[in-house]
Amino acid sequence: MTMAADFDETAAVNGAADEFERRIRRILLAPAGAVNRRYDPPVTPSNVLVLDRDLATVTSVVYQPEGGSAETLVRDTDFWLLGNPGDVEVEPFAVSWWGVRFLRRWSLPLGGAVYRSLRITGRWGYATTIPDDAWQAILELAAVGAVASYATDQVQEGLVRYAAAGVEKLWSEDPLRGVMRRWQGRVDAAVGRYVRLEV
């Protein structure tokens, strides 16, 4: 098998990374630099704010009602981060935070001054580095796409069947089909491990 002369490996891997993130419904690699996002305070019985995206690192959590002064909340005193799996960050594995539980309680109806009064600053994404198994899945997804899209020749010549002394061996006319199935199976398994569940 030969690849097309215009095959672009970087574009293939970038496309596979985009496709993997689309399938897992999350940003895998948190962009560099902290960004703040505003939220309404939670008014649930559990007092948990469910984040609309993964939070890889937290710089600060600030509560500031409209017209009021800013209060920087203290982690593990005023709020607790809820992560995957459970509530424990297991080093050295990347754990993204999906929610924040607050000690302070807010009640309905929220007054206008309290809307979007929580400002969470951090790196938004699943992790600050791509986990090895996810990176392997991205490379295999790129390989599946490359073989399917850019292969210019099939095995048309060469040994497909061998027989001697009563022993016979038959090879497939499409020898990469099995390899591509294995790659796709590992990609599907990785998607299952990283897919963001909606609550």
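The values are calculated or read from the model by the stated rules, or taken from the named source; none is laboratory data. Note that the coordinates shown come from a computational prediction; the quantities given were computed from them, not determined experimentally. Cβ: placed from backbone, ideal geometry, glycine included. Neighbour counts: every protein chain shown.
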**OP:** Could you list all residues from segment 68-89 that are at positive phi and at pLDDT 90 or above?
**Re:** Asp76
**OP:** Could you figure out which of (1) touching a Phe, Trp or Tyr at 6+ places or on another chain (Cβ under 9 Å); (2) under 30 Å from Val191 (Cα atoms) isn't true of Asp18?
**Re:** (1)
Subject >> Residue within segment 179-199 that is modelled with pLDDT under 80, part of a loop (DSSP other than H, G, I, E, B) and touching a strand residue (DSSP E or B) at 6+ places or on another chain (Cβ under 7 Å) present >> reply: yes
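Can you tell me which of Glu157, Glu173 is surrounded by fewer than 10 Cβ atoms within 10 Å (Cβ to Cβ), outside any helix (DSSP H, G or I), at pLDDT below 70 and of a type outside the set (A, V, I, L, M)? Can you show your working first?
Numbers: Glu173 fails: surrounded by fewer than 10 Cβ atoms within 10 Å (Cβ to Cβ).
None of the others qualify; the one that does is Glu157.
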Subject >> Every residue from segment 31-83 that is surrounded by fewer than 13 Cβ atoms within 10 Å (Cβ to Cβ), assigned to a loop (DSSP other than H, G, I, E, B) and under 25 Å from the mean Cα position of the chain (by Cα) >> reply: Pro31, Ala32, Gly33
**OP:** Please verify whether segment 56-68 includes one or more residues that are under 18 Å from Leu197 (Cα atoms) and out of contact with any Pro (no Cβ under 6 Å at 6 or more places or on another chain).
**Re:** yes
Original post:
How many residues, within segment 19-30, are in contact (Cβ under 8 Å) with a residue 12 or more places away in the chain and either at positive phi or part of a helix (DSSP H, G or I) (or both)?
Top reply: 5
Original post:
Would segment 130-143 turn up any residue that is part of a loop (DSSP other than H, G, I, E, B), surrounded by 14 or more Cβ atoms within 10 Å (Cβ to Cβ) and modelled with pLDDT of 85 or more?
Top reply: yes
